[in-house]
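K.L.:
Please find one structure pasted underneath; my questions will follow.
The values are calculated or read from the model by the stated rules, or taken from the named source; none is laboratory data. Just so you know, these numbers come straight off a predicted model, no measurement behind them. Cβ coordinates were reconstructed from backbone atoms using ideal geometry, including for glycine residues, and neighbour counts include every protein chain displayed.
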Amino acid sequence: MTVLLEVQLRDDLPADHIETAIRATLAQTRAFAGNESLEVIVEDADPHHVVVVERWTTAADHAAYVAWRATPEGAARELGSVIAGPPTTRTFDRSITLD
């Protein structure tokens, strides 16, 4: 399963502060059961617009992660402090083979 999390970052904070918050948050995501990989890509035209590309073993693994993030223990406070608005999440659990 692939998840795209689109985030608009605040433009009034230093880049190193933002990147530290992203790394701290995604370290927790990377350690969560079922996470296969993470990548943060930055838009060329707007460096405050990033997309987190997440790969999960199953949709159930991602659902468990989302449920954990909704708890006080899983709340992404660091990331929440550097984003400009609500993120957009898109999930993809099916692909078309190109054979």
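K.L.:
So which residues in the range 42-68 are surrounded by fewer than 16 Cβ atoms within 10 Å (Cβ to Cβ) and within 13 Å of the chain's Cα centre (by Cα)?
P.N.:
42, 49, 53, 55, 66
K.L.:
While we're on this one: Please go through the range 76-99 and pick out each residue that is under 17 Å from residue 61 (Cβ atoms) and in contact with a helix residue (DSSP H, G or I) (Cβ under 8 Å, 6 or more places away or on another chain).
P.N.:
91, 93
K.L.:
Another question, then. Out of all the residues in the range 1-14, is one or more in contact with a strand residue (DSSP E or B) (Cβ under 9 Å, 6 or more places away or on another chain), without any contact (Cβ under 8 Å) to a residue 12 or more places away in the chain and not in a strand (DSSP E or B)?
P.N.:
no
K.L.:
Turning to a different aspect of this structure: Would you check if there is a residue in the range 46-57 being touching a strand residue (DSSP E or B) at 6+ places or on another chain (Cβ under 8 Å), farther than 11 Å from residue 3 by Cα, part of a strand (DSSP E or B) and of a type outside the set (Gly, Ala, Ser)?
P.N.:
Scanning the range 46-57, I find at least one residue that is touching a strand residue (DSSP E or B) at 6+ places or on another chain (Cβ under 8 Å), farther than 11 Å from residue 3 by Cα, part of a strand (DSSP E or B) and of a type outside the set (Gly, Ala, Ser), so the answer is yes.
K.L.:
What are the residues in the range 14-41 that are surrounded by 15 or more Cβ atoms within 10 Å (Cβ to Cβ) and over 14 Å from the mean Cα position of the chain (by Cα), if any?
P.N.:
Residue satisfying the conditions is 34 alone.
K.L.:
Quick one: count up the residues across the range 23-45 that are farther than 16 Å from residue 89 by Cα, among the hydrophobic types (A, V, I, L, M, F, W, C) and assigned to a helix (DSSP H, G or I).
P.N.:
3
K.L.:
Turning to a different aspect of this structure: Which residues, counting only those in the range 58-99, are part of a helix (DSSP H, G or I) and more than 24 Å from residue 11 (Cα to Cα)?
P.N.:
59, 60, 61, 62, 63, 64, 65, 66, 67, 68, 69
K.L.:
Being more than 14 Å from residue 82 (Cβ to Cβ), without any contact (Cβ under 8 Å) to a residue 24 or more places away in the chain and touching a Lys or Arg at 6+ places or on another chain (Cβ under 8 Å): is that true of residue 43 here?
P.N.:
So residue 43 fails the test.
K.L.:
Select from the range 69-82 the residues that are closer than 10 Å to residue 25 by Cα and charged (D, E, K, R) and write down the one among them that is surrounded by the most Cβ atoms within 10 Å (Cβ to Cβ).
P.N.:
Per the stated criteria, the residue is 78.
K.L.:
Here is a further query. Quick check on this structure: which one of 37, 81 is of a type in the set (S, T, N, Q) and modelled with pLDDT of 95 or more?
P.N.:
None of the others qualify; the one that does is 37.
K.L.:
Continuing with the same structure: Against the definition (under 18 Å from residue 89 (Cβ atoms) and in contact with a His (Cβ under 6 Å, 6 or more places away or on another chain)), how does residue 8 come out, yes or no?
P.N.:
Criteria met by residue 8.
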